[in-house]
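Taking it in order: structure first as structure tokens, then the write-up.
The values are calculated or read from the model by the stated rules, or taken from the named source; none is laboratory data. This structure is a prediction, so every number in the text was calculated from the model and none was measured. Note that we place each Cβ from the backbone using ideal geometry, even for glycine, and neighbour counts take in every protein chain shown. Surface areas here come from the heavy atoms of the whole protein model, side chains and all, with no ligands, DNA or RNA. Shrake-Rupley method; radii C 1.70, N 1.55, O 1.52, S 1.80 Å.
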Amino acid sequence: SGRSAGATKVDAPERTILVVEDDPIQREHIVRLMEPIEAKVMSVSTGEEALALMLDQKFDCVVLDLGLPGLTGWQVIDHLKTHKALQATPLLVYTAKDLTRKEEQRLGRSAKSIVIKEVRSPERLREEVTAILDQVGDPMSDTQPLAQSADGERVELSLATKQILIVDDDIR
């Protein structure tokens, strides 16, 4: 790429994205889609490779296909939920497959441990990755005090006493 070293922020730590997709053409398409985002993009074709990399280094966002050979995307999600060091990894599920209601509910249940957005359009995928990386880079996101809610979820103190109405046609 034509970016010079001086064009990036020297102090800012490099943001990293991991793309997990078994289809080489689709994987390359997603990696190219991420080019406008100032981040290092790595890609693998299996869930096993993804988990090995995630245990070795921190990723600011993981784009995951559910239909992987060997260790499926669902199994990767299960591993992330049970591995304490990986639970906070922001995860975007990118699939062209129409999910069943049961699968959508399963993703919804996983969202308590992992940030999961199931996206189908490439443009929306890039927007969601950018939004996650912007949160990672936001100094306020890490410094907000956290409280424990009644059901055990951690909640920002500034939101603990607020009522929030969420209106969405997506059951998650």
>> Among the numbered criteria (1) closer than 13 Å to Thr16 by Cα; (2) crowded, with 18+ Cβ neighbours inside 10 Å, which one does Glu35 miss?
In response: (2)
> Condition test on Val93, is it in contact with a strand residue (DSSP E or B) (Cβ under 6 Å, 6 or more places away or on another chain), part of a helix (DSSP H, G or I) and within 22 Å of Pro122 (Cα to Cα)?
Replying inline: no
> Any residue in the range 61-83 that is exposed (fewer than 12 other Cβ atoms within 10 Å of the Cβ) and either under 23 Å from Thr130 (Cα atoms) or of a type in the set (Ser, Thr, Tyr) (or both)?
Replying inline: yes
> Going by the structure shown, is Leu53 under 15 Å from the mean Cα position of the chain (by Cα) and in contact (Cβ under 8 Å) with a residue 60 or more places away in the chain?
Replying inline: no
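Residue-wise test of (1) out of contact with any strand residue (DSSP E or B) (no Cβ under 6 Å at 6 or more places or on another chain); (2) open to solvent by less than 50 Å² (accessible area, probe 1.4 Å); (3) at pLDDT 55 or above.
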position	(1), (2), (3)
Arg106	yes, no, yes
Ile114	no, yes, yes
Lys117	no, no, yes
Gly137	yes, no, yes
Met140	yes, no, no
Val155	no, yes, no
Thr161	yes, no, yes
>> If Thr89 satisfies all but one of (1) without any contact (Cβ under 8 Å) to a residue 40 or more places away in the chain; (2) out of contact with any Leu (no Cβ under 8 Å at 6 or more places or on another chain), what's the number of the condition it fails?
In response: (2)
>> Just the residues that are part of a loop (DSSP other than H, G, I, E, B) and modelled with pLDDT of 90 or more, please, taken from the range 38-65.
In response: Ala39, Ser45, Thr46, Gln57, Lys58, Phe59, Asp60, Asp65
> What number goes with the only condition from (1) open to solvent by 60 Å² or more (accessible area, probe 1.4 Å); (2) in contact with a strand residue (DSSP E or B) (Cβ under 9 Å, 6 or more places away or on another chain); (3) more than 25 Å from Asp23 (Cβ to Cβ); (4) modelled with pLDDT of 55 or more that Gln148 does not pass?
Replying inline: (4)
>> Just to be sure I understand the filter: pairs with C-beta atoms under 9 Å, separated by 6 or more residues or on different chains, first member in the range 121-132 and more than 12 Å from Ile30 (Cα to Cα), second member part of a loop (DSSP other than H, G, I, E, B) and open to solvent by 50 Å² or more (accessible area, probe 1.4 Å). Which pairs pass?
In response: Thr130/Pro36; Ile132/Val115
> Regarding Asp11, is this residue modelled with pLDDT of 90 or more, open to solvent by 20 Å² or more (accessible area, probe 1.4 Å), out of contact with any Lys or Arg (no Cβ under 8 Å at 6 or more places or on another chain) and at negative phi?
Replying inline: no
